[in-house]
Amino acid sequence: MPPEIQDQIDRLNSRLWPVEAVMERLSIGRSMVFELMASGQLRSCKVGRRRLVSESAINEYIARVDQTGGDAA
């Protein structure tokens, strides 16, 4: 694979987080992550069989939690 394509893939992967990393970043359980994704409160995408969340989606969710005083649901 050409190095410039590998660089693009590496940059994209560094901005997409698997569910386990989202759980850790938001200090919530797996079920809650999936509930937030299902309700549309946490945007995600499916890549193959994996569900991934972008850095911007995590930041948007955190901003909403801050604005609502801790209740983004």
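The values are calculated or read from the model by the stated rules, or taken from the named source; none is laboratory data. Nothing here was measured: the structure is a model prediction, and the numbers come from that model. Cβ placement follows ideal geometry from the backbone for every residue including glycine, while neighbour counts extend to all protein chains displayed.
For segment 32-41, indicate whether the set of residues that are at negative phi, within 9 Å of the chain's Cα centre (by Cα) and outside any helix (DSSP H, G or I) is non-empty.
No, segment 32-41 contains no residue that is at negative phi, within 9 Å of the chain's Cα centre (by Cα) and outside any helix (DSSP H, G or I).
Could you check segment 26-53 and list, in sequence order, the residues that are surrounded by 14 or more Cβ atoms within 10 Å (Cβ to Cβ), farther than 19 Å from GLY70 by Cβ and either charged (D, E, K, R) or in contact with a Lys or Arg (Cβ under 6 Å, 6 or more places away or on another chain) (or both)? It would help to see each step written out before you state the result.
Filtering segment 26-53 for residues surrounded by 14 or more Cβ atoms within 10 Å (Cβ to Cβ) gives 26, 28, 32-37, 41-44, 51-53.
Filter again for farther than 19 Å from GLY70 by Cβ, leaving 34, 37, 43-44, 51-53.
ARG43, SER44, ARG51, listed by residue number.
GLY69 passes all but one of (1) on the phi > 0 side of the Ramachandran plot; (2) modelled with pLDDT of 95 or more; which number fails?
(2)
Scan segment 16-24 and tell me whether some residue there is exposed (fewer than 10 other Cβ atoms within 10 Å of the Cβ) and not in a helix (DSSP H, G or I).
Scanning segment 16-24 turns up no residue that is exposed (fewer than 10 other Cβ atoms within 10 Å of the Cβ) and not in a helix (DSSP H, G or I).
LEU52 versus (1) in a helix (DSSP H, G or I); (2) without any contact (Cβ under 8 Å) to a residue 40 or more places away in the chain; (3) within 14 Å of the chain's Cα centre (by Cα): which is the lone unmet condition?
(1)
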